[in-house]
Amino acid sequence: MSSAPSTDTVLPADPLQKLAAPEVQRQAARTAQDAFARVFRLSIEASDQERAEGVTALCEAMRNWARAGEGEDARALRLAMLVAGADQWGLAWSQAFGLTAIPALSELLGALRTGLDAQAESRFLQQFEALTAAEANAIDFKVELRRGIHLALWHSSIASENRDEALRLAGQLGSLLLALVGNMPGAGWRLVADALAHIQIRCLSEGLAAEGVAQEATQALFASLARELPAPQRDVVMAHAAQAVVAWQRANRPSDTVH
């Protein structure tokens, strides 16, 4: 994302970077996203035995990634990010699609903590709480995680051939973005700007939402945010989203050929 417009929106340094570098944080978010996608498919497609085997294999792979951290606190933070990330995906999907349960996800989240001794459990809980203790904590993880959730909901919206469903999902995404601004006063606007920029970039690069229901749902999302966001936040969100899109266009513009 582009840089903050003024010093009052600059977040303090991320104190968790000493345990998980930004790329590790982003990898945690992507791993949680992939894990959720797999357990979601297991929940709706697999038999009980297949689901149990799939969850076991996925849990072991995620534990191995967490164990690769350097030091006990770093390993605990890695595990905390995986659990928090998968849980947030489950919450967003449950709210958007009215799901009462995602069995494989519940089993995975429980399995990831099974077998931790008292000290490891204490370290895990400490790092899990640290994720929400301050907005700047693991901010790269939060940005990558929310970007994945927001883009997935938008894709679900524009993929729907039913107008009411497409608009409902766009409205659900809008509600998530507005909630971020309230829950994260310092960083929330950044996540909203990031979502809007990436939606526009996908539209430009892949020709998405160019017509019909998909276009209407996308326009409704942008219009609702422009209407519901307080004016100062709306202006900075729209400005930064536009700057990010322009930067992307410049970076992807064919170089002039010198003859």
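When every Cα-Cα distance of the chain is counted in 5 angstrom steps from zero, the calculated P(r) takes the values 1, 6, 12, 15, 17, 16, 13, 10, 6, 3, 1, 0, 0, 0 percent. Only Cα pairs under 8 Å and at least 6 apart count here; give the relative contact order of the range 64-150 as a rounded whole percent. After rounding, I find 36 percent. When the GluC sites (Glu not before Pro) in the range 122-184 are filtered for DSSP coil states and for at most 14 other beta-carbon atoms within 10 Å of their beta-carbon, the remaining sites are Glu161.
Put Met238, Met62 in order of accessible area, highest first, and with a 1.4 Å probe you get Met238, Met62. When a 1.4 Å probe is rolled over the protein heavy atoms, the share of accessible surface on the range 138-251 that falls to carbon and sulfur comes to 52 percent. Mean sequence separation of contacting Cα pairs (under 8 Å, at least six apart), scaled by the length of the chain, corresponds to a relative contact order of 22 percent. Available extension along the chain between Gln126 and Arg227 is 32.4 nm, counting 0.36 nm per residue and deducting the alpha carbon span. Remark: the range 25-175 carries a charge dipole of roughly 320 debye about the Cα centre, counting +1 on each Lys and Arg Cβ and -1 on each Asp and Glu Cβ. A Förster radius of 30 Å, combined with the Cβ-Cβ distance separating Gln49 from Trp248, puts the computed FRET efficiency at roughly 0.05.
What the chain shows is 51 Å² of accessible area per residue, with the surface traced by a 1.4 Å probe over protein heavy atoms. Placing +1 on the Cβ of every Lys and Arg and -1 on the Cβ of every Asp and Glu, with no other charges, gives the chain a dipole of roughly 360 debye about its Cα centre.
Dividing the Cα radius of gyration of the range 76-222 by 2.2 N^0.38 Å, with N the residue count, gives 1.17. Specify the inter-centroid distance of the range 24-50 and the range 79-151, based on alpha-carbon positions, in whole Å. Using only Cα atoms, the two centres lie 12 Å from each other. Taking the longest Cα principal axis of the chain as reference, the axis of helix 22-45 is set at about 80 degrees.
Relative to the longest principal axis of the Cα atoms of the chain, helix 139-159 runs at roughly 60 degrees.
The values are calculated or read from the model by the stated rules, or taken from the named source; none is laboratory data. Being a predicted model, the structure only gives us computed values, none of them experimental. Here the Cβ is made from the backbone with ideal geometry for all residues, glycine too, and neighbour counts use every protein chain on show. Keep in mind that these areas ignore ligands, DNA and RNA; they rest on the heavy atoms of the full protein, side chains included. Shrake-Rupley method; radii C 1.70, N 1.55, O 1.52, S 1.80 Å.
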